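Each remark here refers to the structure printed beneath this line.
The values are calculated or read from the model by the stated rules, or taken from the named source; none is laboratory data. Please read all numbers here as calculations on a predicted model, not as lab measurements. Reconstructed Cβ throughout: ideal geometry from the backbone, glycine too, with neighbour counts over all protein chains shown.
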Amino acid sequence: MAWYTDRGWMSNKNDSRGYLNSEFCDNVDMFLDFAFSNEAVVDTRLNIHGETIREIKCPCYKCQNISYRDRATVQEHLYKEGLDENIEEENLDWVDDRARETWVKYKECLVNKYGKEQCKHPKSVDKDLWIQASGGIKKGKVYGLSNVSDSYTHGRQNPEIERLNKVIDELVKEKDEEKERMDGVIEGLAAENETMRNRMENFERMLKVMAQGGQSSSYG
């Protein structure tokens with residue numbers, strides 16, 4: 001059973017003993033895999049610490065597909081609150097005809113590769129199968145999986161890599177500036193040392209001249 005085409009699992013959050021239903025948990029994980037793979041609905045930003053935050057609208061009964069949450073929080077909410085079955089598909093921004101067709105093809109590819117038992121299917125999206133199901137890489141992009149397409153093309157980099165490269169560039173720049181500053185200090189000290197050495201040599205010559213003059217006077 002696919003979470004996308006059959007919503008029966010949404011009402012079976014708990015089993016007969018009151019524990020979380022394993023099928024419900026599996027479908028929640030697959031839902032999150034697909035949702036977070038679609039950059040069109042993921043809000044990506046950097047926090048004050050420079051860390052990349054990725055969030056989607058949480059479809060639990062509490063958040064009602066309004067508040068943005070990260071993956072761990074959405075999963076926790078769905079496990080605790082359950083998924084709002086009254087949310088219409090058209091209100092789920094990432095759902096469209098192409099997404100449905102791509103997901104169905106992807107599920108078929110999963111069955112062909114791993115078998116019909118969902119427990120044998122990977123918990124995260126199989127990138128190669130998704131590329132196959134979505135029609136391949138076109139102009140350096142993969143439909144619904146742009147973050148993965150970057151790993152297949154070298155012309156683009158994801159925001160996290162760009163941020164790290166920027167930090168590295170800034171550190172290198174700071175190091176170069178510090179080196180230039182230290183070189184200037186060393187050069188200044190060397191010049192000052194040379195000046196002091198010249199002064200000492202002049203003083204020594206003057207003392208010798210004065211000493212020689214004193215000796216001549218005493219003899220006279």
Self-check item: Odd one out for D33 among (1) at pLDDT below 85; (2) part of a loop (DSSP other than H, G, I, E, B); (3) in contact with a Lys or Arg (Cβ under 8 Å, 6 or more places away or on another chain)
Solution: (2)
Self-check item: Matching residues, region 63-97, being surrounded by 13 or more Cβ atoms within 10 Å (Cβ to Cβ), at pLDDT 85 or above and not hydroxyl-bearing (S, T, Y)
Solution: C63, R69, D70, R71, V74, Q75, E76, H77, L78, E81, G82
Quiz prompt | Matching residues in region 32-53 - criterion: being surrounded by 16 or more Cβ atoms within 10 Å (Cβ to Cβ) and either touching a strand residue (DSSP E or B) at 6+ places or on another chain (Cβ under 8 Å) or farther than 26 Å from T102 by Cβ (or both) | solution = A35, F36, V41, V42
Exercise. Confirm whether A72 is of a type in the set (G, A, S), in a helix (DSSP H, G or I) and within 22 Å of K105 (Cβ to Cβ).
Key: no
Quiz item: Can you pull out the residues in region 110-135 that are surrounded by fewer than 17 Cβ atoms within 10 Å (Cβ to Cβ) and either of a type in the set (A, V, I, L, M) or modelled with pLDDT of 80 or more (or both)?
Solution: V111, N112, K113, Y114, G115, D128, Q132, G135
Practice problem: Search region 61-74 for residues that are over 16 Å from T44 (Cβ atoms) and outside the structural domain of V28 (by TED's automatic domain parsing) and pair each with any residue that is of a type outside the set (A, V, I, L, M) and loosely packed, with under 15 Cβ neighbours inside 10 Å when their beta-carbon atoms are under 8 Å apart and the residues are at least 6 apart or on different chains. | Solution: none
